[in-house]
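Worksheet: one structure, shown below.
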Amino acid sequence: QVQLVEFGGGLVQVGDSLRLSCLASGNSLSNYVMGWFRQVPGKEREWVAVIDEAGETRYYTDSVKGRCTISRDNAKNTGYLQLDRLKPEDAANYYCAVGNIWSVHQHEYHSWGQGTQVTVSS
């Protein structure tokens, strides 16, 4: 089993940058594909980014391409999501998750963090 906890959310302004962290325990993060998702109350959970086990391959949803960097430091059992030039539509509860295969579908991820709230003021 692996447990995940997100940190780094908060109130930011349009145009700011933010880096979220995902701390893993109970197992080695290097064993898993890691994804980031976000959700606004009343709406579907949206996939944001995914990174493979070794951190060699990354992919992003269109709405964050060019503004987002997903990364990982397996030695620290920590994953990251950085968002630059934040927009109002980036406001959401952000979740990290891990799974056994490369996927953009949330049902393929078996372990999830509790979420961290990102609020964007304009």
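The values are calculated or read from the model by the stated rules, or taken from the named source; none is laboratory data. Note that the structure is predicted; figures quoted are calculated from it, not measured. Here the Cβ positions follow ideal geometry from the backbone for every residue, glycine too, while neighbour counts run over all protein chains shown. Only protein heavy atoms, including side chains, enter the accessible area calculation; ligands, DNA and RNA are left aside. Shrake-Rupley method; radii C 1.70, N 1.55, O 1.52, S 1.80 Å.
A 1.4 Å probe run over the chain, with the rest of the protein chains in place, finds 51 Å² accessible per residue. Our summary of shape: the Cα atoms of segment 41-120 have principal axis extents of 32, 25, 23 Å, ordered from largest down, in whole angstrom.
Going highest first, how would you order 71-77, 19-25 by mean Cβ packing within 10 Å? Walk me through the numbers on the way to the answer.
Values: 71-77: 15.0, 19-25: 19.0.
Per-residue Cβ counts within 10 Å, averaged per peptide and sorted highest first, yield 19-25, 71-77.
Of the solvent-accessible surface of segment 67-110, computed with a 1.4 Å probe over protein heavy atoms with every protein chain present, carbon and sulfur atoms account for 47 percent. Mean separation of Cα pairs under 8 Å and 6 or more residues apart, divided by the residue count, gives the chain a relative contact order of 36 percent.
Couplings for segment 11-17, taken from phi via the Karplus curve 6.51 cos²θ - 1.76 cosθ + 1.60 with θ = phi - 60°, read 8, 10, 9, 3, x, 6, 10 Hz in order; Gly and Pro are left as x.
The lysines within cross-link reach of Lys76, meaning a Cα-to-Cα straight distance under 18 Å and a gap of 8 or more places when in the same chain, come to none at all. In plain terms, if you count all Cα to Cα distances in segment 15-60 and split them into 10 Å steps from zero, the share in each step is 21, 46, 29, 5 percent. Annotation for segment 66-122 versus segment 1-61: alpha-carbon center distance of 2 Å. How much accessible area does Glu46 have with a 1.4 Å probe, in Å² rounded to the nearest 10? Its accessible surface works out to 70 Å², give or take rounding.
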